[in-house]
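The values are calculated or read from the model by the stated rules, or taken from the named source; none is laboratory data. Note that the structure is a prediction, hence the values are computed from the model and not measured. Here the Cβ positions follow ideal geometry from the backbone for every residue, glycine too, while neighbour counts run over all protein chains shown.
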Amino acid sequence: MLISFEGIDGAGKSTQIKKLVGYLTLKGREVLTLREPGGTEVAEKIRLILLESRHEISPIGELLLFSASRAELIEEIIKPALAENKTVILDRFFDSTTAYQGYGRGLNLELLRSIIAISTCGITPDITFYLDIQPEDAIRRKFSEKSLPIEFDNSELDRIERSGIEFYRKVRQGYLEILNESQGRLVSLNALDSPEEIHQRITALLDERLKA
Ligand code: TYD
């Protein structure tokens with residue numbers, strides 16, 4: 001089974017993934033968790049270019065780098081894990097490309113679909129949990145731990161995070177479009193609900209799907 005988590009930065013994906021791994025492991029499943037971009041030696045190098053570098057990267061360059069990282073992860077790790085019947089949990093997958101590079105950067109959605117099909121070899125999640133949050137709330141959440149006025153210092157932000165609030169508004173709008181068109185693959189969860197409440201909904205839905 002392939003499960004992915006999506007949402008803008010600060011939506012709380014990592015917390016939910018940790019809880020879900022605990023739950024599935026207790027149920028006796030062998031679980032593999034991966035995050036994108038990254039996950040193989042080459043993909044981690046691409047991650048550094050994409051997130052840590054101070055270089056300008058064109059939208060098409062960005063799209064191809066995310067896709068190259070994904071192609072490596074699919075071939076080296078995901079295909080073999082699925083073949084061994086493992087449950088694979090992905091912290092982001094191709095919906096991030098549609099939301100960030102398609103709706104956020106404004107790249108042509110048809111072009112994106114072709115590149116996604118090539119980089120994933122057509123592999124699609126069985127279910128995708130989308131944690132919905134307004135960009136303003138996500139920023140507040142990210143910085144509340146540090147009690148630091150964000151306009152004073154953005155040096156801790158990665159290259160994508162420095163794209164600004166307007167960019168994140170477009171990305172969220174993108175996710176809502178993807179959700180509408182997903183024919184039930186995406187499940188939307190309110191990221192402002194308590195982590196325990198969200199976890200309960202996720203496990204209830206998964207149990208239901210596994211039974212079916
Ligand atoms: P990461 O540190 O993994 O952030 P998060 O905890 O929010 O997942 O950074 C990944 C960043 O890359 C994040 O800002 C989303 C972005 N991204 C894209 O723009 N396109 C993609 O296809 C993927 C996978 C990620």
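Of the residues making up segment 38-63, those that are closer than 16 Å to ARG159 by Cα, in contact (Cβ under 8 Å) with a residue 24 or more places away in the chain, part of a helix (DSSP H, G or I) and under 17 Å from the mean Cα position of the chain (by Cα) are ILE46, LEU50, LEU51, GLU62, LEU63.
Against the list (1) modelled with pLDDT of 95 or more; (2) more than 11 Å from the ligand (Cβ to nearest atom), the condition GLY102 fails is (2).
For ALA81, state whether it is over 29 Å from PRO135 (Cβ atoms), at pLDDT 95 or above and of a type in the set (Gly, Ala, Ser).
Working: over 29 Å from PRO135 (Cβ atoms): yes; at pLDDT 95 or above: yes; of a type in the set (Gly, Ala, Ser): yes.
For ALA81, the condition - over 29 Å from PRO135 (Cβ atoms), at pLDDT 95 or above and of a type in the set (Gly, Ala, Ser) - is met.
For beta carbons closer than 6 Å, sequence separation of 6+ or different chains, a first residue in segment 6-26 that is at pLDDT 95 or above and part of a helix (DSSP H, G or I) and a second that is acidic (Asp, Glu) and within 10 Å of the ligand (Cβ to nearest atom), the qualifying pairs are LYS13/ASP91; ILE17/ASP91.
crowded, with 19+ Cβ neighbours inside 10 Å, away from the ligand (no atom under 12 Å from the Cβ) and modelled with pLDDT of 95 or more: does that describe ILE89? Yes.
Tell me which residues, restricted to segment 177-188, are in contact (Cβ under 8 Å) with a residue 12 or more places away in the chain and assigned to a helix (DSSP H, G or I).
Pass one, segment 177-188, residues in contact (Cβ under 8 Å) with a residue 12 or more places away in the chain: 177-179, 182, 185-188.
Within segment 177-188, GLU177, ILE178, LEU179 meet the criteria.
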